[in-house]
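Student: One structure is given below, represented as structure tokens, and several questions about it will come after.
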Protein chains: 2
Amino acid sequence: MLKVPGLLAASFGLQLFLCSFFGPVEGGKVLVMPVDGSHWLSMKILVEELSQRGHEMVVLVPETSMLIQGSESYMARSFKVPYTKADLDGSMKKLRENIMREPEFSDLFENIIGLLSFTNMQVKGCESLLYNEALMQELREKRFDLMLTDPFLPCGPIISEAFSLPAVYFLRGLPCGLDLEAAQCPSPPSYVPRFFTDNTDVMTFPQRVQNVLMAGIEGIICKVLYTSFDELTSRYLKKDVSYRKVLQHAAIWLHRFDFTFEYPRPVMPNMVRIGGINCAKKKPLPADLEEFVEGSGDHGFIVFTLGSFVSELPESKTRELFNAFRQIPQRVLWRYTGVIPKDVPENVKLLKWLPQNDLLAHPKVKVFITHGGSHGIYEGICNGVPMVMIPLFGDQRDNVHRMVVRGVAESLTMYDLTTEKLLVALRKVLNEKSYREKITELSLIHRDRPIEPLDLAVFWSEFVMRNGGAEHLRPAAHTLNWVQYHSLDVVGFLLLVLAVVVFITVKTCAFCFRKCFRRTLKSKKE
Amino acid sequence: MLKVPGLLAASFGLQLFLCSFFGPVEGGKVLVMPVDGSHWLSMKILVEELSQRGHEMVVLVPETSMLIQGSESYMARSFKVPYTKADLDGSMKKLRENIMREPEFSDLFENIIGLLSFTNMQVKGCESLLYNEALMQELREKRFDLMLTDPFLPCGPIISEAFSLPAVYFLRGLPCGLDLEAAQCPSPPSYVPRFFTDNTDVMTFPQRVQNVLMAGIEGIICKVLYTSFDELTSRYLKKDVSYRKVLQHAAIWLHRFDFTFEYPRPVMPNMVRIGGINCAKKKPLPADLEEFVEGSGDHGFIVFTLGSFVSELPESKTRELFNAFRQIPQRVLWRYTGVIPKDVPENVKLLKWLPQNDLLAHPKVKVFITHGGSHGIYEGICNGVPMVMIPLFGDQRDNVHRMVVRGVAESLTMYDLTTEKLLVALRKVLNEKSYREKITELSLIHRDRPIEPLDLAVFWSEFVMRNGGAEHLRPAAHTLNWVQYHSLDVVGFLLLVLAVVVFITVKTCAFCFRKCFRRTLKSKKE
């Protein structure tokens, strides 16, 4: 009865065409301050799209960058940092080593310490950019119209504040929910699960207790985590202002999620959801890859990546994995940047780089083995590929938990990963229909949207350029402090009034009572 | 530097065209339960659009309807109601009489009583529909895919619950914020102004006290206002369920507002803003009107309507207005359905019906005199016409206040409206540039959106048909009661634990202290 007639429905599209009242902003100048690593990969898509629409894009790139490179579509402006590539690798190595350990409760603190060591190094880099007066003067004179930045690091927001530039923030979310706090977005701990709790949006009483406690702890973690951010912010801007206060000036928050991945929760008018922005554009596979995956026949193939962060695994771990792959009929494409190990099984192809999204869009793909970074997850959801997930650190365990709960993935842990465990998980996802059915359903809902995430991101970036911000979406809550926001002063005042009224009433009654009583006593005596 | 190149930008539109992944749903069956009067006027636009996209639209119409009529684009299914047109007019007359009185604090209660008398009559109508077993059976057998309804009256939501139909609610808002409550949408009284308070989103301490008190009173009003709704709901559905509980099953809330009119506030994922849906389609003016407004020359013309509710004014009031209009060079088009009075000034044309939106889109229009219904306000905003506003009842005073605060309108009161007062307001809005500038700015921001409200409404209606609801946008908060939602049980438990810990610590310390102290005493004695 109800039919979805497939791709590209002309009639709806044409209406959208007619309704686009305002067009591109011509010749906008955008300053881009990205965060290196996987964060850059999806921001780059927006940067390239804005460039293609005629905007001048200037991207600030630290000298020792991992993934950010020059391009035709934007001008990369490199800046000196006080750390070397070796320092960066060293800080990464520490995190990488932890991956092989058994997870413990102390992981929360390990995670924070790892994050602190990484961000502190980056903050140092940021500092040397901010105090590079020649470069800053040059940028200031450019008179940009917009700062597009990832607030995971403080540089972008601080520059936008210093230059009085309207800012568009591009992020998945900030540690300990600082983005929600800065956007004045309510986040009731009764049904919005906190990170590192393994809670879903439906919790038992003990889980809610844990969630409330974690919400409290987040406040303390926030203080520690953002100390160096706060210090740099107030020192550079020469006023007593926290990093959170600076973030409050966001014109638009472009959040890389939607509600096929996150649990439904309150949002604010200037929070725009662009989950799946990274799977917008698909290209055909290179000839050799196409041949490899086509050769997999009816069994199909598996895509295996552990993100840009993990280049290789210990030999023993690799052997376990190889042994598992030998026992399945599927071909395996594995992104592996280290030294190629011996005895690679015939059905396994190791590659230094994979066109991950294009591979996941291939009709013969059966399973996606991933560490559960938000980019990979969305490529899995967009293309409807069930997953076997091996979370490594940071938000990945929570990400994976969300997918497992939705019945579209199996989860494994790296420290105790064996041939058998991988085989059990793989065969479950390969053979039980429910995984494929549920991810297909999720994929359909994810793609069933009135406007594509990339177009939405472009629209709001240009909106901010056209209007110098998005003032009409800014809640007045920013003018209130915590006590005022929660009306605690008002409640206190009303309780005081009530107490006074009760006091006066009681006193008056007592007085009257005494008067009457005395009179009665008197008359009795008389 | 930044140029908006005018209407219809092909490049952005084309991208929107390409991004529309899913097309129209074919042959959906939609049951429509509208609310009579002005509420119907904008819902009708969506009903007609859905019909044009191939859906079968069945509209339930009470026998004694004010504005809902049959049409080619939908099937009107009439049902008997236990009141006559005279009864309806009588209940309206009472409200109309109040308009001429001086506003007082008791207006809040007058408003509620008026609303109660109107809704109680409508609830009776609803009851006779629900218990019309033949019709209900006929509808049930139709196997609809969607219930599109205005939850201002309980009939639609109750039927959708009884038929297990996914529901799309089309509304501006419900009295005492029942819609927000049912959608689990946070609404902090510290910066979200309550109705009938004249507060904005930035409040002084006394205003915040007033707002918090009003938020409390709303709870009580809610109880009174929705008593008959609750009673009918639980009686008909044969279970102990309140109207609010039934509303919680909404798949999508289509809210007829945006943040050029409302103050920015938290929203929920399944709340879609379609403010301005009523000014989507513009038609050329009829020849006689075109001639009249073109003849106004450089002075231009004024559009004057008091909504579908007020047909005529007392003679004395009309005289005051006529006297004012005689003293201005503009021509005036006045929607006036009563008996045409004597001495109509030459520059004034009275008409039983006006193509309001088309007139407001005319380049020669100077001012819009309106009662401040949300439909009229959006037509004013869409077309960028400054307003002189005369609020009459209900939410209109609050609506008008919002516009006055934004500097795009002057406000008057009907009870003490004189020639002089109208002239002062009119001349201010006509001659001071700021009104025109500010409404133009508001209009530009309102129309600067990635997708038109009508397309958004169509998309989400079809989404619900395609997917049998919008489960992925439904917050888990619905599973919690008030105490759980606010984590009061968790806080209580944690306080208890704290108390026990403190108690045990104190007791242990006291015990140790006594032990040590005694020993010291003993040894001293010895």
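Student: Of all residues in segment B:59-78, count the ones that are among the hydrophobic types (A, V, I, L, M, F, W, C) and either surrounded by 18 or more Cβ atoms within 10 Å (Cβ to Cβ) or not assigned by TED's automatic domain parsing to the domain that holds B:Phe152 (or both).
Tutor: 4
Student: Taking the condition at pLDDT 95 or above and part of a loop (DSSP other than H, G, I, E, B), does A:Pro284 pass?
Tutor: When the stated conditions are applied, A:Pro284 does not pass them.
Student: Can you tell me which residue within segment A:219-249, out of those that are outside any helix (DSSP H, G or I) and of a type in the set (S, T, N, Q), is nearest to A:Thr149 (Cα to Cα)?
Tutor: A:Gln248
Student: Output the residues belonging to segment A:468-484 that are free of Cβ contacts under 8 Å to residues at least 24 places away in the same chain and either part of a loop (DSSP other than H, G, I, E, B) or closer than 14 Å to B:Val212 by Cβ (or both).
Tutor: A:Leu480, A:Asn481, A:Val483, A:Gln484, listed by residue number.
Residues checked against (1) more than 20 Å from B:Ile221 (Cβ to Cβ); (2) not charged (D, E, K, R):
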position	(1), (2)
B:Thr84	yes, yes
B:Asp87	yes, no
B:Val123	no, yes
B:Glu141	yes, no
B:Asp145	yes, no
B:Pro151	no, yes
B:Pro157	no, yes
B:Val168	yes, yes
B:Leu180	no, yes
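Student: Just need a number here: residues in segment A:187-206 that are in contact with a helix residue (DSSP H, G or I) (Cβ under 9 Å, 6 or more places away or on another chain) and more than 10 Å from chain B (Cβ to nearest Cβ).
Tutor: 6
Student: Output the residues belonging to segment B:123-170 that are within 26 Å of the chain's Cα centre (by Cα), aliphatic (A, V, I, L, M) and not in a loop (DSSP other than H, G, I, E, B).
Tutor: B:Val123, B:Leu129, B:Leu130, B:Leu146, B:Met147, B:Leu148, B:Ile158, B:Ile159, B:Ala162, B:Ala167, B:Val168
Student: Further question on the same structure: Kindly evaluate A:Val209 against the criterion of being surrounded by fewer than 21 Cβ atoms within 10 Å (Cβ to Cβ), more than 29 Å from A:Gly469 (Cβ to Cβ) and away from every other protein chain (no Cβ under 14 Å).
Tutor: no
Student: Could you tell me whether any residue of segment B:425-439 is among the hydroxyl-bearing types (Ser, Thr, Tyr) and touching a residue at least 60 places away in the same chain (Cβ under 8 Å)?
Tutor: no
Yes/no per residue for (1) in the same structural domain as B:Arg256 (by TED's automatic domain parsing); (2) under 30 Å from B:Leu165 (Cα atoms):
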| residue | (1), (2) |
| --- | --- |
| B:Val408 | no, no |
| B:Thr418 | no, no |
| B:Ala425 | no, no |
| B:Lys438 | no, no |
| B:Leu456 | yes, yes |
| B:Arg474 | no, yes |
| B:Tyr485 | no, yes |
| B:Val491 | no, no |
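Student: Let me spell it out: the conditions are (1) under 22 Å from the mean Cα position of the chain (by Cα); (2) at pLDDT 95 or above; (3) open to solvent by 40 Å² or more (accessible area, probe 1.4 Å), and B:Val224 meets all of them except one. Which number is the exception?
Tutor: If we test B:Val224 against (1) under 22 Å from the mean Cα position of the chain (by Cα); (2) at pLDDT 95 or above; (3) open to solvent by 40 Å² or more (accessible area, probe 1.4 Å), just (2) comes out false.
Student: Looking at this structure, is B:Ser434 modelled with pLDDT of 95 or more, part of a helix (DSSP H, G or I) and over 22 Å from the mean Cα position of the chain (by Cα)?
Tutor: For B:Ser434, the condition - modelled with pLDDT of 95 or more, part of a helix (DSSP H, G or I) and over 22 Å from the mean Cα position of the chain (by Cα) - is met.
Student: If you go through segment B:447-467 one residue at a time, how many are closer than 23 Å to B:Asp150 by Cβ, in contact (Cβ under 8 Å) with a residue 40 or more places away in the chain, part of a helix (DSSP H, G or I) and not β-branched (Val, Ile, Thr)?
Tutor: Counting residues in segment B:447-467 that are closer than 23 Å to B:Asp150 by Cβ, in contact (Cβ under 8 Å) with a residue 40 or more places away in the chain, part of a helix (DSSP H, G or I) and not β-branched (Val, Ile, Thr) gives 10.
Student: Restricting to segment A:19-52, and then to whatever is more than 17 Å from A:Arg449 (Cβ to Cβ) and at the interface with chain B (Cβ under 7 Å from one of its Cβ atoms), can you tell me which residue is modelled with the highest pLDDT?
Tutor: Applying the filter and picking the extreme gives A:Gly28.
Student: Across segment B:179-218, what is the number of residues that are in a helix (DSSP H, G or I), touching a residue at least 40 places away in the same chain (Cβ under 8 Å) and farther than 23 Å from B:Phe229 by Cα?
Tutor: 0
Student: State all residues of segment B:265-276 that are open to solvent by 10 Å² or more (accessible area, probe 1.4 Å) and assigned to a loop (DSSP other than H, G, I, E, B); if no residue qualifies, say none.
Tutor: B:Arg265, B:Pro269
Student: Go through segment B:480-506 and count every residue that is facing chain A (nearest Cβ under 10 Å), among the aromatic types (Phe, Trp, Tyr) and under 30 Å from the mean Cα position of the chain (by Cα).
Tutor: Total meeting the criteria: 1.
Student: Please go through segment A:391-406 and pick out each residue that is open to solvent by 10 Å² or more (accessible area, probe 1.4 Å) and not small (Gly, Ala, Ser).
Tutor: A:Pro391, A:Leu392, A:Phe393, A:Asp395, A:Gln396, A:Arg397, A:His401, A:Arg402, A:Val404, A:Val405, A:Arg406
Student: Looking at (1) under 18 Å from B:Ser190 (Cβ atoms); (2) open to solvent by 50 Å² or more (accessible area, probe 1.4 Å); (3) not small (Gly, Ala, Ser), which is the only condition A:Ile504 fails?
Tutor: Here A:Ile504 clears every test but (1).
Student: Here's a follow-up. Within segment A:426-479, take every residue that is polar (S, T, N, Q) and more than 7 Å from chain B (Cβ to nearest Cβ) and give me the one that is most open to solvent (accessible area, probe 1.4 Å).
Tutor: A:Asn431
Student: Anything in segment B:141-186 that is within 14 Å of another protein chain (Cβ to nearest Cβ) and small (Gly, Ala, Ser)? List them, or say none.
Tutor: Within segment B:141-186, just B:Ala183 meets the criteria.
Student: Would you check if there is a residue in segment A:407-420 being buried (at least 16 other Cβ atoms within 10 Å of the Cβ), assigned to a helix (DSSP H, G or I) and without any contact (Cβ under 8 Å) to a residue 40 or more places away in the chain?
Tutor: No; the residues of segment A:407-420 include none that is buried (at least 16 other Cβ atoms within 10 Å of the Cβ), assigned to a helix (DSSP H, G or I) and without any contact (Cβ under 8 Å) to a residue 40 or more places away in the chain.
The values are calculated or read from the model by the stated rules, or taken from the named source; none is laboratory data. Quantities reported herein were computed from a predicted structural model and do not represent experimental measurements. Neighbour counts run over all protein chains shown; Cβ positions are idealised from the backbone, glycine included. For accessibility, only protein heavy atoms count, side chains too; no ligands or nucleic acids. Shrake-Rupley method; radii C 1.70, N 1.55, O 1.52, S 1.80 Å.
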